[in-house]
Amino acid sequence: MRQPLESYLSTSEWHITKSGWDPTQQGVEESQFTLGNGYLGSRGVLEELPRDSRAGTFFAGLYDNTGAHVTELINAPNPFLLQVAIGGEKLDVSAMEVLDHSRALDMRHGAIFRNTLYQTTRERNKIQYKSLRFISMFNPHVVVMRVELTPLDSSTVFTVRSGIDTSVTNLGLVTEGAKRHFHIHEYTTVDNTNYLCMQTFEKEILLGYASHLTVYHNGRLRHQLRPIFTLKVGAGRTVVITKYFALFTSQTVPQSAVRSRALDTLNRSVLAGFDELFKRHSRRWEKIWQRSDIQIKGDFRLQRKLRFSIYHLLIAATEHTKNAISIGARCLTGEGYRGHIFWDTEIFMLPFYIYTAPDLAKKLLLYRYGGLAAARVQAASGGYSGAMFPWESAGTGEDVTPTWHKDFDGRVIEIHTGERQHHITADIAYGISHYYHATDDKRFMLDHGLEMLLETARFWASRVEYDSNQRKYSINNVIGPDEFHDNVDDNAYTNAMARENLRVARTLYLTFKRSDPKEVRALTKRLKFRPKELKTWQAIEEGINIPNHKDGSLIEQFDGYFKRRKYPMPDLDGSSLPRFPSNVRLERIGKTQFVKQADVLMLLYLLRGMLKNEAVARNFLHYEKRTLHKSSLSTTVHACMASRLGLRDMAYRYLAITASIDLNNVYGNTQDGVHAAALGGTWQAVVMGFCGVFLRDGILCFDPHLPRQWQAVSFKLYWHGDRFDVTVDKRQVLLRCRREADRVRGDKRTVTVQVYGRKQQLELGRLYRLPSGKRTQTRVDVEDIF
């Protein structure tokens with residue numbers, strides 16, 4: 001007996017729901033309701049493609065260049081096309097009278113359910129339209145959609161048009177027009193199956209789509225090959241249309257095998273049937289959520305927003321690719337930033353994968369290793385040594401940073417981030433170090449990580465300039481995280497992160513030289529690395545300029561920042577973020593002390609022990625009153641820093657903003673895709689902010705500061721191959737460390753952690769209740785410094 005589509009869904013607390021039809025929110029909801037499995041992502045367009053809808057189907061790592069020097073993530077054909085008409089009237093929310101319309105994104109099972117009640121114009125007959133679709137997490141190549149049509153008042157003849165929408169294009173950004181990156185290579189039918197193959201223009205990658213459609217009507221199941229057909233359905237009776245797809249590209253299988261693999265996978269899927277495919281898919285999702293979910297007791301609204309962030313992170317990365325690929329700034333949900341990869345990955349998203357899926361974290365770093373040769377070329381082209389990673393990269397890791405961009409006010413301006421935003425090289429080194437210290441993956445370091453650290457350190461050693469008068473090393477002509485201030489000298493974030501890059505490279509080189517001398521000798525020989533380079537690095541570490549106020553406790557964002565003009569902070573908007581100051585023209589913003597996003601505070605967040613708590617508090621209060629948060633990367637850092645300082649209400653406010661960035665379209669551009677950094681930032685604000693997880697001296701530490709609204713938080717994380725079950729409440733931390741069966745390493749039976757500043761030895765398998773005791777509070781002065 002056929003199950004109602006609603007019965008496939010999990011419970012409502014796992015749903016993101018939208019009721020009613022608002023065409024102004026169509027693009028935003030399409031991004032929010034994206035389905036995917038890391039290999040493939042498809043925007044949540046309605047099946048009938050209403051007016052102004054923006055279908056988007058993206059294969060991870062599949063980029064193309066139009067010949068106009070525009071490399072971008074390809075918008076591939078949309079498989080979810082299904083258009084239904086009654087007597088010339090199209091069932092379309094933008095064209096027909098809609099009595100009721102709702103959709104639910106089931107985050108637990110990775111599916112979209114839709115329920116729309118239409119009324120025809122002439123006969124005033126009501127039509128119930130329901131659909132359920134998913135992109136399989138069990139088999140990354142399988143896509144399934146089911147639609148139910150029920151005429152409620154009288155017998156109805158439906159005309160159904162089904163197919164694959166090949167009219168899709170990539171959006172034209174700045175002054176470009178729309179662009180298509182593929183042409184039809186082959187179309188054929190085999191038995192009851194359609195096969196469509198496209199080929200990309202630049203790299204001639206094949207995209208093979210095999211599809212099969214079934215109709216269940218009046219107790220009979222038939223296979224439908226023709227793309228347009230009619231169905232007569234009696235009043236109160238339901239017809240069920242199911243579409244099966246198998247999608248392959250020659251990035252993951254040889255070109256000669258794309259067709260056969262797609263057809264074979266499709267045939268197996270049709271034989272398995274909708275119920276079995278959904279069961280496999282949902283079981284895999286259940287296992288993934290077991291390791292990834294965070295349960296917050298006492299805050300249902302924030303709980304749902306957090307799961308939204310985790311859901312989108314889970315569909316952004318996959319092990320189902322032959323080559324190592326990374327995650328763009330908008331994941332696989334839209335064309336924002338052309339699908340390019342930034343520092344967002346290593347700094348904002350990587351920690352989530354390090355602690356929940358370390359194998360995926362390693363794959364993200366292997367993407368950077370694949371771009372190491374290009375980074376060496378880029379460094380050499382600038383007159384530097386070692387490797388300089390590009391500000392924006394795509395499939396190959398080469399530089400694809402555009403030189404023109406639309407500013408906040410719509411003006412097309414020349415940008416210099418590709419030339420000057422060099423801190424990404426240190427950010428990648430930080431990500432490598434973070435991964436190693438959290439996983440203890442020595443094999444990765446010897447095969448890949450150490451080489452990247454040495455080459456990035458070499459870059460910074462060649463990038464600094466020595467000032468003999470001040471006896472300091474400087475890094476001039478850069479852009480820090482705060483992009484309001486272009487072409488500055490001695491940006492504190494850039495300099496301190498470069499220093500950390502040099503320190504980590506030197507320290508880990510010496511560590512592995514002792515533990516694995518043979519492999520390190522082979523590496524240094526291949527790199528022509530000379531041990532005397534270490535002395536140079538140490539001298540730069542000790543002498544690099546970190547600008548600060550005369551008493552040394554207040555870091556100056558860059559040399560001369562304190563001399564820029566200070567203005568009072570503007571009022572807050574409806575999202576609790578500062579408005580752009582009305583008394584400053586956008587082109588003059590760099591002359592002020594206004595900060596686009598966390599810069600010095602980003603530094604203090606990443607390098608936790610750089611200053612004492614009192615100095616950290618002073619810096620936080622100073623820059624918090626100057627930051628406009630005109631980037632989705634910013635509020636995360638403020639949430640984490642405010643939490644660390646015990647400013648719980650302020651921290652919670654910033655967390656609430658971060659978690660709402662895409663659900664509330666805070667920046668007005670969610671239609672271009674969700675903000676990947678905010679997704680990872682929401683997770684970090686909860687785990688590394690309020691729950692106080694951090695690393696120090698090779699030890700996993702917990703120092704929670706839960707907000708008043710929360711009673712307890714429970715989650716899991718991986719550490720050195722073991723899994724921790726963690727519960728934090730207002731009085732204690734509960735820990736249990738479990739040894740993963742496939743990660744047995746020797747016979748070690750204990751692990752050392754630090755909780756509330758006290759070291760603890762934990763035996764594997766035992767549950768420990770570690771009370772907070774007395775906590776030393778940092779006094780925070782609410783008065784500004786200047």
Ordering of 215-223, 266-274 by packing [mean C-beta count within 10 Å, highest first]: 266-274, 215-223
Taking θ = phi - 60°, what integer Hz values does the Karplus form 6.51 cos²θ - 1.76 cosθ + 1.60 yield along the stretch 347-353, in sequence order, with x for Gly and Pro? 8, 9, 9, 3, x, 4, 6
Sequence-separation-based contact order of the stretch 189-241, relative, with Cα cut under 8 Å and 6+ spacing, percent: 29 percent
Given 25 °C and 0.890 mPa s, how large is the Stokes-Einstein diffusion coefficient of the stretch 419-520 in µm²/s, with Rh as the Kirkwood radius over Cα pairs? 169 µm²/s
Filtering trypsin sites (Lys or Arg not before Pro) in the stretch 307-340 by DSSP loop and by at most 14 other Cβ atoms within 10 Å leaves Lys322
Inter-part distance where the stretch 59-135 and the stretch 269-311 are each reduced to a Cα centre, Å: 22 Å
Once the stretch 587-663 is represented by equal point scatterers at the alpha-carbon sites, with solvent omitted, what log10 I(q)/I(0) does the Debye formula produce at q = 0.13, 0.19, 0.21, 0.26 Å⁻¹? -0.38, -0.77, -0.92, -1.26
Where does the stretch 136-258 land on the Kirkwood hydrodynamic radius, alpha-carbon pairs, in angstrom? 16.8 Å
Any idea of the accessible area per residue across the stretch 389-506, 1.4 Å probe, to the nearest Å²? 35 Å²
Just need the relative contact order of the chain here, percent rounded to a whole number, with Cα pairs under 8 Å and 6+ apart. 11 percent
What is the Å³ per residue value for the convex hull set by the Cα atoms of the stretch 499-609? 191 Å³
Kindly identify the stretch 562-705 as rounded, prolate or oblate by the Cα gyration tensor criterion: order the square roots of the eigenvalues as a ≥ b ≥ c, call it rounded if a/c is under 1.5, otherwise compare a/b with b/c, prolate if a/b is larger, else oblate. oblate
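Per-residue ellipticity at 222 nm for the chain, helices alone: DSSP H runs ≥ 4 residues times -39500 (n - 2.57), over residue total, nearest 500 deg cm²/dmol? Could you put the intermediate results ahead of the total?
Values: 17 runs with 220 residues, N = 786.
Helix contribution divided over all residues of the chain: -9000 deg cm²/dmol.
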In nm, to one decimal, how far is the Asp22 label point from the Gln295 one, both placed 7 Å along Cα→Cβ? 3.3 nm
What percent do you get for the relative contact order of the stretch 429-558 when only Cα pairs under 8 Å and 6+ apart count? 27 percent
Provide the convex hull volume over Cα atoms per residue for the stretch 28-98, in Å³. 118 Å³
Can you find, among Gln25, Thr156, Gly236, the residue sitting farthest towards the positive end of the charge dipole of the chain, where Lys and Arg contribute +1 and Asp and Glu -1 at Cβ? Gly236
If you fit an axis through the alpha-carbon atoms of helix 517-527 and take the longest principal axis of the Cα set of the chain, what angle between them do you get, 0 to 90°, nearest 10? 80 degrees
Can you give me the solvent accessible area of Lys532 with a 1.4 Å probe, rounded to the nearest 10 Å²? 130 Å²
Tell me, what % of the accessible area of the chain is carbon and sulfur with a 1.4 angstrom probe? 46 percent
Which cross-chain or sequence-distant (5 or more) residues have an amide H under 5 Å from the amide H of Ile544, H modelled 1.01 Å from N in plane? Tyr473
Note the direction-averaged projected area, equal to a quarter of the hull surface, for the Cα convex hull of the stretch 215-324, in nm². 11.5 nm²
Once you treat every alpha carbon in the stretch 1-155 as an equal point and sum by Debye, what is log10 I(q)/I(0) at q = 0.11, 0.17, 0.18 Å⁻¹? -0.48, -1.04, -1.14
For the chain, how big is the tail of P(r) above 36 Å, as a whole percent of Cα pairs? 47 percent
Can you list, bin by bin at 5 Å, the percent of alpha carbon pairs in the stretch 362-495, starting at 0? 2, 10, 18, 21, 19, 14, 9, 5, 2, 0
Please go through the stretch 89-175 and write out the trypsin sites (Lys or Arg not before Pro) that DSSP classes as loop and that have at most 16 other C-beta atoms within 10 Å. Arg122, Arg124
Wrap a convex hull around the Cα atoms of the stretch 556-625, take a quarter of its surface area, and give that in square nanometres. 5.5 nm²
Area of Asp482 that stays accessible when all protein chains are in place (1.4 Å probe, Å², to 10): 0 Å²
Let me see the P(r) profile for the stretch 88-202: every Cα-Cα distance counted, bins of 10 Å, each bin given as a percent of all pairs. 10, 27, 30, 27, 5, 0
Measure nothing fancy, just the Cα-based angle from helix 450-463's long axis to the longest principal axis of the chain, in degrees from 0 to 90, nearest 10. 60 degrees
At a probe size of 1.4 Å, how large is the accessible area of Lys513, to the nearest 10 Å²? 90 Å²
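Once you order the gyration tensor axes a ≥ b ≥ c over the Cα atoms, which shape class does the stretch 452-495 get: rounded for a/c under 1.5, otherwise prolate or oblate by comparing a/b with b/c?
Working: a/c = 2.63, a/b = 1.12, b/c = 2.35.
Since a/c reaches 1.5 but b/c is at least a/b, the shape of the stretch 452-495 is classed as oblate.
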Among the aspartates and glutamates, which fall within straight-line cross-link reach of Lys759, defined as a Cα-Cα distance under 17 Å, with same-chain neighbours fewer than 8 residues apart omitted? Asp697, Asp703
Would you kindly work out the equivalent ellipsoid of the stretch 270-366 from its C-alpha gyration tensor and give its semi-axes, the square roots of five times the eigenvalues, largest first in whole Å? 23, 21, 14
Relative to the longest principal axis of the C-alpha atoms of the chain, give the angle of the C-alpha long axis of helix 372-381, reported between 0 and 90° and rounded to the nearest 10°. 60 degrees
Loop only by DSSP, 16 or fewer other Cβ within 10 Å of the Cβ. Give me the trypsin sites (Lys or Arg not before Pro) in the stretch 656-727 that pass, ordered by residue number. Arg708
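The values are calculated or read from the model by the stated rules, or taken from the named source; none is laboratory data. Just so we're clear, the structure is a prediction, and the values are computed from it rather than from any experiment. As a convention, Cβ positions derive from the backbone with ideal geometry for all residues, glycine included, and neighbour counts pool all protein chains shown. Just the protein is used for accessible areas: all its heavy atoms, side chains included, with ligands, DNA and RNA removed. Shrake-Rupley method; radii C 1.70, N 1.55, O 1.52, S 1.80 Å.
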